[in-house]
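J.: I'd like to ask you about the structure that follows.
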Amino acid sequence: MKLNIEGLLVYFPYDYIYPEQYSYMLELKRTLDAKGHGVLEMPSGTGKTVSLLSLIVAYQRAHPLEVTKLIYCSRTVPEIEKVVEELRKLIEFYVKETGKENNLLALALSSRKNLCIHPEVSSLRFGKEVDGKCHSLTASYIRAQRHSNPSLPSCCFYEEFDAVGRQVPVSAGVYNLDDLKDYGRRKGWCPYYLARYSILNANIIVYSYHYLLDPKIADLVSKELAKKSVVVFDEAHNIDSVCIDSMSVNITRRTLDRCQLNVDTLQNTIQRIKETDAAKLKQEYRQLLEGLKEASVARETDVFLSNPVLPDEILQEAVPGSIRTAEHFIGFLKRFLEYLKARLRTHHVVQESAPQFLKDIFEKVCIDRKPMRFCAERLHSLLRTLEIADIADFSAVTLISHFATLVSTYSKGFTIIIEPFEDKTPTIANPVLHFSCMDASIAIKPVFERFQTVIITSGTLSPLDIYPRILDFRPVTMSSFTMTLARTCLCPLIVGRGNDQVAMSSKYETREDFAVIRNYGNLLLEMSAIVPDGIVAFFTSYVYMENIVASWYEQGILENVQRNKLIFIETPDAAETSMALEKYQEACENGRGAILLSVARGKVSEGIDFVHHYGRAVIMFGVPYVYTQSRILKARLEYLRDQFQIRENDFLTFDAMRHAAQCVGRAIRGKTDYGLMIFADKRYARADKRGKLPRWIQEQITDSSLNLSIDETVQLSKHFLRQMAQPFRREDQLGLSLLTLEQLQSEEMLQRITQLAHQS
Amino acid sequence: MDDQGCPRCKTTKYRNPSLKLMVNVCGHTLCESCVEMLFVRGSGNCVQCDTPLRKSNFRVQLFEDPAIDKEVEIRKKVLKIYNKREFDFPSLREYNDYLEQVEEIVFNLTNNIDLERTRQIMEQYQRENRDVIQRNKVKLTREQEELEELLLLEQKSTEERRLELLEEEKRQLQAKRKNKQALLDELESSQLPACVLLAQHKDRATQLERQIEKQKQAVKTTIFSTGIPMGQTVSLQPVPEIREVLYHYQPLFIATHGPPVPELDQLQRLGYLNHVRAASQQDMAGGYCSGLACHRALQDAFSGLYP
């Protein structure tokens, strides 16, 4: 259908539209008009992706000079594929309606592991191996060597691409990863480099967060993207953790040992080259005299993991004299390494700031701040000069050099914590140096500064105002949309006590309480008797789950549950978990249903959807707070309090509630779906917790569904399930939560929709 | 780490966890007891390289690689002499060259290359730059100064925060106590029914909470907009003096490859302006005169006449 959104003609590839999609597009259009950033929350299963795509594509067509590119960032490869499929539908609709040839180029980009078609390289199992192998075939100096020695192995796909592929633009169309591979095979070009090269003139790019947020990758891939782009972060509820992870460095004893090996290899190589080809080192030296700008004119294949965010003025300056020659730099690395080793030998926990660290390192091994700042760049240049083919081996020393650069560049927002052992095993020495970033805004700042519009969207972003604060930007629009429902298909219940009136809670004090564990067991048992098909239960942590399941076994609860349904358990092992998931789904197909016990923040809670009969009820046992004793978390909380005025408790609750919402949101993946959401903890009834749930869940929580006992829960659930089991057709939704074009254009409906948007 | 041991008595850290390794200027390791035994007389030779050593120069080995211990030792000594700062040099390039030279010296000394010559160079440098070395002894490099400042700032802010928190807590406690006392007093003396008083109290309590909340959100500024912290004078470092050759003006010479063009003020006299449109008053207001256009046209016409 064709929509008119405040004067913009939008082609929408479906015959029906949800009212919230319409108001979502309205909000989006306003954000684009204002050329600002936006935070938008809309429940999953209401067609976020298609609304985003159709509006932005329409905008792109209407104002080709204002918005040149759409960069759509998602989390996983399956999600990326889904987005591309939606896009394909949209483009086909365009072609059908307008009758004109499509002239948009849209493509997905992923790692070499997913795109390589070289028969040898693509058979490797790990991403790092693929990268390393590819690099050893395609790096510029290797190819230069091949001129003199044609017997060296090469990648014919890359050679072909390099010879012809650059001149011929990829024809317009929508390419997912498989399409790219096919295209590459047909033409004999490397799909990975083709995609990386083509994103510069593509209209729509779909890729993973890391290509934009991780400074090491972003520097390679996304550096040249145009400023007039719209960036969309989908499923962005964890964006702050992604930012923080991309800037943090953890160094263990093993890293240092590997690093030592690397440094020794480097030293030997330098020695060898000095004897055979001293001119090469001389030339590098001359380049370094002139400053980094010239030295870093890297060819696109020289992927030595480039420097983390460096302020520009450093790049203009010349490398300090003390690390200019290769031997001196090796000496520098050695000293730094020995210093780190000495630091890791402590017997008690140390926490210090970056300036303290720098002062200490100067006193102990006379390393100044400036050469440290250049460390990453210098190593990069050295590795290139030495023409080391397999860069995967040098990841340890690269990591250390990044650490040196970061610690000397940022005096704020980072903390260094040295822990001699893990909290769980205080007798086994396992020293780790955490260099942890506390400020999510550091990694994402270049994105907000560079691009004209950045949209952050997800099904669970509540409370909305916290994201602009922790990411430090000023949004022009912030909205939360609810689901308009023809029938209330979700039923959140907050269970606070058992039948014996003992309060249920995963609070630390009552964790081990026999009565609480029994009540949790009873709840599961009762629910397993009345809920048809699948039930997913989430615990706060693996340890807690183990404890509870063990005592359920002793109390005989498990045996009783198994009379009703089969039980599957998620473990930290990925292979085991996917096996359990598969079997769980098989059991659900068979009719009697099953129970999946899993963990909030685990794999299941983040990416697996339980549509329809796979998840008729979700039980959340306890509030999924993070482990608050971790020093990294404590440091971050302190930082948030001082810098952003976010109180510790606020942040912890926010974090716990967003994960709880993620967990329970797994069950509802659309308007025809239905499911129970059972929050089994007394604390959920409090206003400060409840208020942080997304609006679409909050709206369904009535006073009568707070602080229930197990009996009451069973009553309410039975009633709800019976109602929901009645046949539900599309006609029932029409006009209420599903609109045709005529209905949408009616005066009354438009008024209702504008109200919907105003509420938020 | 555990496989480290004394090369003489072969004790390792694994067998004796309290083993203390010592290292001297030559960079070779000995354990503490061996040092005690071999150097009873206060001096002796290294077991491995026969360098004469003093017992007092033995120190606890900090790093796994004793060569690093040695290097750091040497480096500290060298840096005491080579202590020029960045502002002692006219350009960054020269400073970097100097740094490299220092590094070269350290490298030579640690790896026993050209020992004699390097020592000579050092001594010569020391003689030549005595006053600079003396002067720079107390000065820190610019970067270190920055670091010190940051550290100071950090300390100050943590201290401030701690005090603030303490005070805040005290204030809150006091306010709450006062509120409670007021309620008791009112209940005792007032004529109003108790439920009204309780409601009033509750109202007041929530107001108090809100006030506290608001205070928490208000941020105190401690820095002027220029970046200078309040209540602290900035250290005024002398601006480095840059001496260069003075600029000499040289009149511009253009090779026109043609006859010389008459000067602008001669145009009128030579009659070139007779057939040029006189400038109107409006033109002249803007600084234009008819000579300008004429002069330019002449330049154009004359240039390149000689092949």
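Yes/no per residue for (1) among the basic types (Lys, Arg); (2) at positive phi; (3) within 26 Å of the chain's Cα centre (by Cα); (4) surrounded by fewer than 24 Cβ atoms within 10 Å (Cβ to Cβ):
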| position | (1), (2), (3), (4) |
| --- | --- |
| A:Ala587 | no, no, no, yes |
| A:Ile595 | no, no, no, no |
| A:Ser598 | no, no, yes, no |
| A:Gly602 | no, no, yes, yes |
| A:Ile608 | no, no, yes, yes |
| A:Val611 | no, no, yes, yes |
| A:Ala617 | no, no, no, no |
| A:Phe621 | no, no, yes, no |
| A:Thr628 | no, no, yes, yes |
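J.: When the range B:262-307 is examined, which residues are found to be assigned to a loop (DSSP other than H, G, I, E, B) and in contact with a Phe, Trp or Tyr (Cβ under 8 Å, 6 or more places away or on another chain)?
T.: Kept after step one, since they are assigned to a loop (DSSP other than H, G, I, E, B), are these residues of the range B:262-307: B:262-263, B:271, B:276-280, B:286-289, B:303-307.
Within the range B:262-307, B:Pro262, B:Ala279 meet the criteria.
J.: Additional query: Would it be correct to say that A:Gln562 is closer than 22 Å to A:Lys718 by Cβ and surrounded by fewer than 16 Cβ atoms within 10 Å (Cβ to Cβ)?
T.: yes
J.: From the list A:Phe374, A:Phe357, A:Phe394, exactly one residue is within 29 Å of the chain's Cα centre (by Cα), of a type outside the set (Gly, Ala, Ser) and closer than 28 Å to B:Lys70 by Cα. Which is it?
T.: Details: A:Phe374 fails: within 29 Å of the chain's Cα centre (by Cα); A:Phe357 fails: within 29 Å of the chain's Cα centre (by Cα).
Testing whether each residue is within 29 Å of the chain's Cα centre (by Cα), of a type outside the set (Gly, Ala, Ser) and closer than 28 Å to B:Lys70 by Cα leaves just A:Phe394.
J.: Identify, by number, the condition in (1) facing another protein chain (nearest Cβ under 7 Å); (2) modelled with pLDDT of 85 or more that A:Gly321 doesn't meet.
T.: Status for A:Gly321: all satisfied but (2).
J.: Return yes when A:Gly132 is within 21 Å of the chain's Cα centre (by Cα) and in contact (Cβ under 8 Å) with a residue 12 or more places away in the chain and no when it is not.
T.: Working: within 21 Å of the chain's Cα centre (by Cα): no; in contact (Cβ under 8 Å) with a residue 12 or more places away in the chain: yes.
Considered against the rule, which asks whether it is within 21 Å of the chain's Cα centre (by Cα) and in contact (Cβ under 8 Å) with a residue 12 or more places away in the chain, A:Gly132 comes out as no.
J.: Residues to consider are A:Arg335, A:Arg378; find the one that is of a type in the set (D, E, K, R), more than 7 Å from chain B (Cβ to nearest Cβ), outside any loop (DSSP other than H, G, I, E, B) and touching a residue at least 12 places away in the same chain (Cβ under 8 Å).
T.: Sole residue among the options that is of a type in the set (D, E, K, R), more than 7 Å from chain B (Cβ to nearest Cβ), outside any loop (DSSP other than H, G, I, E, B) and touching a residue at least 12 places away in the same chain (Cβ under 8 Å): A:Arg378.
J.: Specify the residue that is surrounded by the fewest Cβ atoms within 10 Å (Cβ to Cβ); the eligible residues are those in the range A:419-454 that are over 16 Å from A:Tyr209 (Cα atoms) and hydrophobic (A, V, I, L, M, F, W, C).
T.: In this case the residue turns out to be A:Ile428.
J.: Next question, about the same structure. Limited to the range A:630-673, what total is found for residues that are closer than 26 Å to A:Ser441 by Cβ and either within 14 Å of chain B (Cβ to nearest Cβ) or not aliphatic (A, V, I, L, M) (or both)? Walk me through how you get there before you give the answer.
T.: To start, the set of residues in the range A:630-673 that are closer than 26 Å to A:Ser441 by Cβ comprises A:630-662.
Retained after the next criterion (residues that are either within 14 Å of chain B (Cβ to nearest Cβ) or not aliphatic (A, V, I, L, M) (or both)): A:630-631, A:634-651, A:653-655, A:658-659, A:662.
Qualifying residue count for the region: 26.
J.: Further question on the same structure: Within the range A:338-366, restricting attention to residues that are acidic (Asp, Glu) and out of contact with any strand residue (DSSP E or B) (no Cβ under 9 Å at 6 or more places or on another chain), which residue is nearest to the other protein chains (Cβ to nearest Cβ)? Give the steps one after another, and end with the answer.
T.: Our first condition is that a residue be acidic (Asp, Glu); within the range A:338-366, this holds for A:338, A:352, A:360, A:363.
This time we only want the ones that are out of contact with any strand residue (DSSP E or B) (no Cβ under 9 Å at 6 or more places or on another chain), so: A:338, A:363.
On the way: A:Glu338: 4, A:Glu363: 10 Å.
Only one residue fits best here, namely A:Glu338.
J.: Return the residue satisfying two criteria in turn: it lies in the range B:42-76 and is in contact with a strand residue (DSSP E or B) (Cβ under 7 Å, 6 or more places away or on another chain) and among the polar types (S, T, N, Q), and of such residues it is nearest to the other protein chains (Cβ to nearest Cβ).
T.: B:Gln61
J.: Something else: Checking A:Ala34 against (1) within 16 Å of A:Val231 (Cα to Cα); (2) crowded, with 18+ Cβ neighbours inside 10 Å; (3) among the hydrophobic types (A, V, I, L, M, F, W, C), which test does it fail?
T.: (2)
Okay, residues lined up against (1) outside any strand (DSSP E or B); (2) buried (at least 23 other Cβ atoms within 10 Å of the Cβ); (3) of a type outside the set (A, V, I, L, M):
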| site | (1), (2), (3) |
| --- | --- |
| A:Ser51 | yes, yes, yes |
| A:Leu65 | yes, no, no |
| A:Cys73 | no, yes, yes |
| A:Lys82 | yes, no, yes |
| A:Val130 | yes, yes, no |
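J.: Let me ask something additional. Hey, can you tell me all the residues within the range B:107-123 that are within 13 Å of chain A (Cβ to nearest Cβ) and in a helix (DSSP H, G or I)?
T.: In the first step, residues of the range B:107-123 are kept if they are within 13 Å of chain A (Cβ to nearest Cβ); the result is B:107-111, B:113.
Selection gives B:Phe107, B:Asn108, B:Leu109, B:Thr110.
The rows are residues; the columns are (1) aliphatic (A, V, I, L, M); (2) under 26 Å from A:Gly670 (Cα atoms); (3) touching a residue at least 40 places away in the same chain (Cβ under 8 Å).
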| position | (1), (2), (3) |
| --- | --- |
| A:Pro420 | no, no, yes |
| A:Ala429 | yes, no, no |
| A:Ser441 | no, no, yes |
| A:Ile456 | yes, yes, yes |
| A:Arg469 | no, no, yes |
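J.: For the range A:200-221, name all the residues that are in a loop (DSSP other than H, G, I, E, B) and without any contact (Cβ under 8 Å) to a residue 40 or more places away in the chain. Talk me through it step by step, then tell me what you get.
T.: Filtering the range A:200-221 for residues in a loop (DSSP other than H, G, I, E, B) gives A:200-203, A:209, A:214.
Listed by number, the list holds a single entry, A:Leu200.
J.: Of these, A:Ile388, A:Ile417, A:Ile444, A:Ile428, which one is touching a Leu at 6+ places or on another chain (Cβ under 7 Å) and away from every other protein chain (no Cβ under 11 Å)?
T.: Working: A:Ile388 fails: touching a Leu at 6+ places or on another chain (Cβ under 7 Å); A:Ile417 fails: touching a Leu at 6+ places or on another chain (Cβ under 7 Å); A:Ile428 fails: touching a Leu at 6+ places or on another chain (Cβ under 7 Å).
Exactly one of A:Ile388, A:Ile417, A:Ile444, A:Ile428 is touching a Leu at 6+ places or on another chain (Cβ under 7 Å) and away from every other protein chain (no Cβ under 11 Å), namely A:Ile444.
J.: Might you check whether a residue that is within 27 Å of A:Ala278 (Cα to Cα), among the polar types (S, T, N, Q) and touching a helix residue (DSSP H, G or I) at 6+ places or on another chain (Cβ under 8 Å) occurs anywhere in the range A:362-384?
T.: Looking through the range A:362-384, at least one residue is within 27 Å of A:Ala278 (Cα to Cα), among the polar types (S, T, N, Q) and touching a helix residue (DSSP H, G or I) at 6+ places or on another chain (Cβ under 8 Å).
J.: Looking at this structure, is A:Leu581 hydrophobic (A, V, I, L, M, F, W, C) and surrounded by 21 or more Cβ atoms within 10 Å (Cβ to Cβ)?
T.: On the way: hydrophobic (A, V, I, L, M, F, W, C): yes; surrounded by 21 or more Cβ atoms within 10 Å (Cβ to Cβ): no.
Here the answer is no, as A:Leu581 does not meet what is asked.
J.: Still on this structure, please answer the following. Do we have B:Leu140 as assigned to a helix (DSSP H, G or I), within 14 Å of another protein chain (Cβ to nearest Cβ) and surrounded by 12 or more Cβ atoms within 10 Å (Cβ to Cβ) here? Walk me through it before giving the result.
T.: Working: assigned to a helix (DSSP H, G or I): no; within 14 Å of another protein chain (Cβ to nearest Cβ): yes; surrounded by 12 or more Cβ atoms within 10 Å (Cβ to Cβ): yes.
No; evaluated as a whole, the condition is false for this residue.
J.: Additional query: Within the bounds of the range B:92-106, is there any residue that is within 9 Å of chain A (Cβ to nearest Cβ), part of a helix (DSSP H, G or I), farther than 30 Å from A:Ala342 by Cα and modelled with pLDDT under 85?
T.: yes
J.: Let me ask another. Restricting to the range B:143-181, and then to whatever is surrounded by 13 or more Cβ atoms within 10 Å (Cβ to Cβ) and basic (Lys, Arg), can you tell me which residue is nearest to the other protein chains (Cβ to nearest Cβ)?
T.: B:Arg161
The values are calculated or read from the model by the stated rules, or taken from the named source; none is laboratory data. Just so you know, these numbers come straight off a predicted model, no measurement behind them. So basically every Cβ, Gly included, is an ideal-geometry build from the backbone, and we count neighbours across all protein chains shown.
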